[in-house]
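All remarks here apply to the structure that follows.
The values are calculated or read from the model by the stated rules, or taken from the named source; none is laboratory data. Predicted model only: the values in this text are computed from it and were never measured. Backbone-built Cβ (ideal geometry, glycine too); neighbour counts: all protein chains shown. The accessibility values were calculated without ligands, DNA or RNA, using every heavy atom of the protein model including side chains. Shrake-Rupley method; radii C 1.70, N 1.55, O 1.52, S 1.80 Å.
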Amino acid sequence: MQAGKIVLKIALVKNLIPSLFAAFLMIGCASVSAPSGWLESPQRAVKTGFGGWADVLSRNDTTYRGELIAVTYDSIYILQNERRSKKDGTVTPSRLRIFVKSEVREVMVTMYDAEEGYYMGATTAGILSTLTHGFYSIVTANLWAFGGSVATILRSYEPVFEYPGERWEEMAQYARFPQGIPEGIGQ
């Protein structure tokens, strides 16, 4: 009888390891290029005056990153953050870049931090909790891995706007100046 329990525990662990691996492997979350700590929580993002973080891929395959300042019917304004060179410590000041719509291949704007780490943690805890399910953990661990992975992936894409998938004009609502660029800026 004791040997049977040991074999069952080994089988459970053998099935649990692939489930844990699948949970992290399946997480094809939206990748965000914003500097660490730049994106606010969903609750704080609606209260700040900042625009979302934008990744603009130009037609010449160059990517520009920064805060989305404004969107007009034919242009997009991005404020690139100050950068410090790792080689010599020189500082490149913040710069407002203006892109004409015809120069833009893709835009991805992230409005807030999706905080998908909480979902990953809950999925891991759920998978580990199936150790108490005995023989049925073979099924329940895999259900946790699949369901938690899907929930995490969906959560990671929730704050993301992608052009050309969505309409250019709708991007304006995620800008610092959603009504358009104020007079005197960028001229």
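Overview of results
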| quantity | calculated |
| --- | --- |
| Any hit, segment 26-39, residues being part of a loop (DSSP other than H, G, I, E, B), over 21 Å from Tyr157 (Cα atoms) and either touching a strand residue (DSSP E or B) at 6+ places or on another chain (Cβ under 6 Å) or modelled with pLDDT under 55 (or both) | no |
| Selection count, segment 143-187, where residues are within 30 Å of Ala122 (Cα to Cα), out of contact with any strand residue (DSSP E or B) (no Cβ under 7 Å at 6 or more places or on another chain) and in a loop (DSSP other than H, G, I, E, B) | 1 |
| Single condition Lys5 does not satisfy, out of (1) touching a helix residue (DSSP H, G or I) at 6+ places or on another chain (Cβ under 7 Å); (2) of a type in the set (Lys, Arg); (3) at pLDDT below 60 | (1) |
| Every residue from segment 50-90 that is open to solvent by less than 90 Å² (accessible area, probe 1.4 Å), modelled with pLDDT under 85 and closer than 20 Å to Ser33 by Cα | Asn81, Ser85 |
| Test result for Ala145, within 14 Å of the chain's Cα centre (by Cα), among the small types (Gly, Ala, Ser) and surrounded by 14 or more Cβ atoms within 10 Å (Cβ to Cβ) | no |
| Number of positions in segment 90-140 that are within 16 Å of the chain's Cα centre (by Cα), of a type in the set (D, E, K, R) and part of a helix (DSSP H, G or I) | 1 |
| Subset of segment 152-165 (residues that are of a type outside the set (Lys, Arg) and under 17 Å from the mean Cα position of the chain (by Cα)) | Thr152, Ile153, Leu154, Ser156, Tyr157, Glu158, Pro159, Val160, Phe161, Glu162, Tyr163, Gly165 |
| Pairs where the first residue, in segment 158-180, is more than 19 Å from Val46 (Cα to Cα) and open to solvent by 70 Å² or more (accessible area, probe 1.4 Å) and the second is part of a loop (DSSP other than H, G, I, E, B) and modelled with pLDDT of 85 or more, C-beta under 9 Å, 6+ apart | Glu169/Tyr73 |
| Residue check, Ile127 crowded, with 19+ Cβ neighbours inside 10 Å, modelled with pLDDT of 85 or more and among the β-branched types (Val, Ile, Thr) | yes |
